[in-house]
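Input: a single structure, listed below in structure tokens.
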Amino acid sequence: MARSKGVTIRDVAQRAGVSVAAVSMALNGTGTLSAATRLRVRAVAEEMDYEADALARGLRRSSVGAIGLVMRSLDALGEYAPRGVDVFTRYIGAVSAQAMDRGLSVMLVPDLTKRPTPPMALSLDGYIVTMPHMDDPVVALLERRGIPYVTLGRDPGRPDFTDWATEDDGASFRRIYEHFAAAGARSVALLRGTDPNAWNIDSEATYRDWCGRAGITPRVYRSAERAGEEGGERVAHTIVDDGVPDAVLCHTGRQAAGVLAGLTSRGVAVPDRTLLAAASDSEHTRHSRPAISAVELHADETTLALLDLLQARIAGEPSAGPVLTTGRFRVRASSRRAPAQS
């Protein structure tokens with residue numbers, strides 16, 4: 001049998017401090033080893049790249065009672081605690097608490113394709129991958145390893161994949177545009193991110209469709225998610241130079257806060273001259289002055305659906321996805337105009 005990089009079962013046993021027989025039992029899901037020993041041996045084998053195929057086959061026959069969570073948006077940001085952005089921690093908290101109620105532990109794992117990765121990362125029972133990118137290498141890795149996974153948001157590179165759940169973003173975006181129109185907006189600009197995920201791709205398609213139906217010329221601007229408030233502020237100056245629209249919708253709270261600062265610095269009053277909203281609520285939207293209207297995502301409802309889908313997939317049951325949940329559009333001062341005085 002081929003050995004990866006010359007690593008033998010004896011090498012794994014020596015590194016793990018167990019017998020050769022214990023390594024065999026751990027990798028094949030047999031014997032009476034404790035769960036802690038089994039996990040430790042698997043982690044060492046994975047770290048040493050020992051017999052990856054045999055390891056994967058063994059892991060599929062037994063459960064470790066733990067799942068992984070990969071936050072692809074945070075991987076793209078290059079930081080895992082962006083200031084003022086609480087939507088990710090809400091998802092993490094909701095998944096963790098709900099999984100514990102089901103007897104599962106959750107491991108938060110960075111990009112699985114980057115080294116070093118946690119040694120036991122590929123020993124988990126399954127994964128939730130949030131906001132996968134087009135042709136996402138993390139998804140490709142899980143596919144190669146035969147590890148069950150589900151996604152938060154549609155996988156734009158796998159149109160036939162149905163094991164996903166998300167808020168009904170299309171309905172949320174259309175509700176915002178209708179809110180703008182009801183407030184008198186006749187020109188609306190969209191500021192989206194650059195990550196190649198379904199949220200960015202589908203939201204632009206929804207916007208262009210709405211503009212076509214409303215007879216409005218689309219104005220799409222882009223700013224990398226990691227550019228945050230500074231990126232939003234730069235785009236705001238471009239928006240003003242192109243002609244001040246009646247309303248602006250930003251994808252993230254950080255972008256919206258930056259646009260607000262940029263518009264204000266150019267003498268464009270919000271909401272008197274231009275309405276402003278964000279598609280994702282955050283500390284930035286809640287604490288801005290004026291407070292920025294935003295979509296509050298229902299993490300609990302969505303993560304419950306994701307866990308249902310993942311456990312079904314682990315068990316080999318048919319997919320019940322996709323599942324769409326609902327978000328709540330919170331109207332705040334940035335898009336609420338006072339009635340005209342008679």
Fewest-first ranking of 254, 222, using other Cβ atoms within 10 Å as the exposure measure: 222, 254
Rounding to the nearest 10 and keeping the result within 0 to 90°, find how far the Cα-based axis of helix 253-265 lies from the longest principal axis of the chain. 30
Using square roots of five times the C-alpha gyration tensor eigenvalues, list the equivalent-ellipsoid semi-axes of region 212-342 in whole Å, biggest first. 34, 17, 15
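Can you give the Kirkwood hydrodynamic radius for the chain, in Å, rounded to one decimal and based on Cα pairs?
21.9
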Between region 70-138 and region 160-191, the Cα center-to-center distance that results, in Å: 26
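Net charge within 14 Å of residue 174 by Cβ-Cβ distance, Lys/Arg positive one each and Asp/Glu negative one each, not counting residue 174 itself? Spell out each step's value before the answer.
Numbers: positive: 175, 208, 213; negative: 167, 168, 169, 178, 202, 204, 209.
So the surrounding residues net to -4.
Fewest first, what order do 249, 122 take by the number of other Cβ atoms within 10 Å?
122, 249
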Could you please rank 32, 162, 113, placing first whichever residue has the fewest other Cβ atoms within 10 Å of its Cβ? 32, 113, 162
Compute the signed sum of charges (Lys and Arg +1, Asp and Glu -1) over the other residues within less than 9 Å, Cβ to Cβ, of residue 290. +3
Mean separation of Cα pairs under 8 Å and 6+ residues apart, divided by the residue count of the chain: what relative contact order is that in percent? 16
Restricted to the chain, the DSSP antiparallel beta bridge percent, nearest 5, is 10
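Just so you know, all these numbers are worked out from the coordinates, no wet-lab data involved. Treat the numbers as computed from the prediction; the structure is a model and nothing was measured. As a convention, Cβ positions derive from the backbone with ideal geometry for all residues, glycine included, and neighbour counts pool all protein chains shown.
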